[in-house]
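Worksheet: one structure, shown below.
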Amino acid sequence: MAYSRLLLLLIGGICSVHAGPTDFWYNHPVRRNMVKGIVGLREDMVACVGADTLHSPVQLPCVMVHATEWANKTLQQKCAEVVEALRMFRDGVQATKNQSTSECQTSLLEKLQRHITNYVAIVRRLQIQSGAVTPPPPSPQSCSRVNSTSEVLKQYGNLLRGKLERLAIDLRDEAPEWGQRSTAAEGPSS
């Protein structure tokens, strides 16, 4: 059962990475399917005895969206904020994974790290394709340090359903021409 979930998670991740940026940013079901990978990680965590207690705390970025502040940012600033938050998650998970002594927990954290790395690549590609050069964003604001895998997964899911989803909506609303440029740059789909 766990192997079939892992296989589905890997296949879903591979398919999502190969989806073009337009597919990801302009197609809510594609994004929702990637977020579902977190459910599989939670199920794997439950099957892994002791996986919820981390040996070192993970520094988490602020994932809450303040509507007024978000509305006053440019699309490039929003994109940079999401990338930096994802990187903070990735770096925190990697540091904790390196200190883990449980093979099961290490495997779980590796899966989470790959999941986060896929998102970093997708959002970075958006930054590059948008052609906007922006100064490096300030370091993401840290909101908490947690020693619980389930809390890391919860906050990561909140980031994806919050800031990342708002970025997708803003991209669709504020820069629909980017989707047309992106589709033309990708060429015909296979």
* **Members of region 73-121 found to be among the small types (Gly, Ala, Ser), at pLDDT 90 or above and under 19 Å from Ser148 (Cβ atoms), listed by number** => Ala85, Gly92, Ala95, Ser107
* Do any residues in region 151-166 that are closer than 11 Å to Val58 by Cβ have Cβ atoms under 6 Å from those of residues that are part of a helix (DSSP H, G or I) and of a type outside the set (A, V, I, L, M), where the two are at least six apart or on different chains, and which pairs are they? -> Leu153/Arg42; Tyr156/Phe89
* Structure fact -> Counting only residues in region 29-84 that are among the basic types (Lys, Arg) and closer than 30 Å to Thr101 by Cα, the one most open to solvent (accessible area, probe 1.4 Å) is identified as Lys36
* Number of positions in region 56-108 that are of a type outside the set (A, V, I, L, M, F, W, C) and within 20 Å of Ala168 (Cα to Cα) -> 13
* Give me the pairs, please: first residue somewhere in region 102-129 and in contact (Cβ under 8 Å) with a residue 12 or more places away in the chain and under 14 Å from Arg31 (Cβ atoms), second residue anywhere and open to solvent by 60 Å² or more (accessible area, probe 1.4 Å) and not charged (D, E, K, R), beta-carbon distance under 6 Å, and either six or more positions apart or on two chains. => Asn118/Val17
* To do: May I ask you to list the residues in region 42-56 that are modelled with pLDDT under 90 and not charged (D, E, K, R)?
  => Met45, Val46, Ala47, Cys48, Val49, Gly50, Ala51, His55, Ser56
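The values are calculated or read from the model by the stated rules, or taken from the named source; none is laboratory data. Given the structure is predicted, the values throughout are model-derived calculations rather than measurements. Reconstructed Cβ throughout: ideal geometry from the backbone, glycine too, with neighbour counts over all protein chains shown. Quick note on the areas: whole protein, heavy atoms, side chains included, nothing else; ligands and nucleic acids left out. Shrake-Rupley method; radii C 1.70, N 1.55, O 1.52, S 1.80 Å.
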